[in-house]
């Protein structure tokens, strides 16, 4: 989805109501997809060669491809943000930590949590799912 991985959980709940016979297949595909992939399958290299965990993390540099190969930068988990993004499950807190669907959304957008709370591992304020919807 476009920067709100809670949409996958919302879709699963919709499928369970309207096409219950397909829910198992949809849930398996969503878990296989794994939700937000910042720092894992998504990166950003800006016009100065600086590498960021994704296209929204311009304020956090992991290294520069003019100084080190991208493969080295991307595999380096000495940066605590990068280490947490690559961890499975991610070290999320609050509602995200309690969510039964963490393996579907992967904690949603960590940079949004950071920008709005100051903590990249806080619950994502952009998650619109109710407490009942994240309970299962």
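The values are calculated or read from the model by the stated rules, or taken from the named source; none is laboratory data. As the structure is a computational prediction, the values presented were derived from the model and not from experiment. FYI the Cβ positions are ideal-geometry reconstructions off the backbone, even for glycines, and counts take in every protein chain you see.
Data for the structure
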read-out: Matching option when the condition is modelled with pLDDT under 95 and over 15 Å from the mean Cα position of the chain (by Cα), among 68, 136, 50; value: 136
read-out: Index of the failed condition, residue 105 passing every other in (1) surrounded by fewer than 15 Cβ atoms within 10 Å (Cβ to Cβ); (2) within 30 Å of residue 13 (Cα to Cα); (3) in contact with a helix residue (DSSP H, G or I) (Cβ under 9 Å, 6 or more places away or on another chain); value: (1)
read-out: Qualifying position, being under 16 Å from the mean Cα position of the chain (by Cα), over 17 Å from residue 128 (Cβ atoms) and assigned to a helix (DSSP H, G or I), among 22, 16, 31; value: 31
read-out: Residues located in the range 26-43, provided they are crowded, with 16+ Cβ neighbours inside 10 Å and either out of contact with any helix residue (DSSP H, G or I) (no Cβ under 6 Å at 6 or more places or on another chain) or in contact (Cβ under 8 Å) with a residue 24 or more places away in the chain (or both); value: 27, 30, 34, 35, 36, 38, 39, 40, 43
read-out: Single match in 116, 85 (criterion: exposed (fewer than 15 other Cβ atoms within 10 Å of the Cβ), in a helix (DSSP H, G or I) and at pLDDT 95 or above); value: 116
read-out: Subset of the range 72-120 (residues that are in contact with a strand residue (DSSP E or B) (Cβ under 6 Å, 6 or more places away or on another chain) and either more than 16 Å from residue 36 (Cα to Cα) or without any contact (Cβ under 8 Å) to a residue 12 or more places away in the chain (or both)); value: 73
read-out: Output for the range 121-135, where each listed residue is assigned to a helix (DSSP H, G or I) and either closer than 18 Å to residue 39 by Cβ or in contact (Cβ under 8 Å) with a residue 12 or more places away in the chain (or both); value: 131, 133, 134, 135
read-out: Enumeration of residues in the range 119-133 that are surrounded by 14 or more Cβ atoms within 10 Å (Cβ to Cβ) and either closer than 14 Å to residue 91 by Cβ or over 15 Å from the mean Cα position of the chain (by Cα) (or both); value: 120, 121, 122, 123, 124, 129, 133
read-out: Count of residues meeting criterion [part of a loop (DSSP other than H, G, I, E, B) and over 27 Å from residue 6 (Cβ atoms)] in the range 34-82; value: 12
read-out: Subset of the range 1-13 [touching a helix residue (DSSP H, G or I) at 6+ places or on another chain (Cβ under 7 Å) and assigned to a loop (DSSP other than H, G, I, E, B)]; value: 1, 5
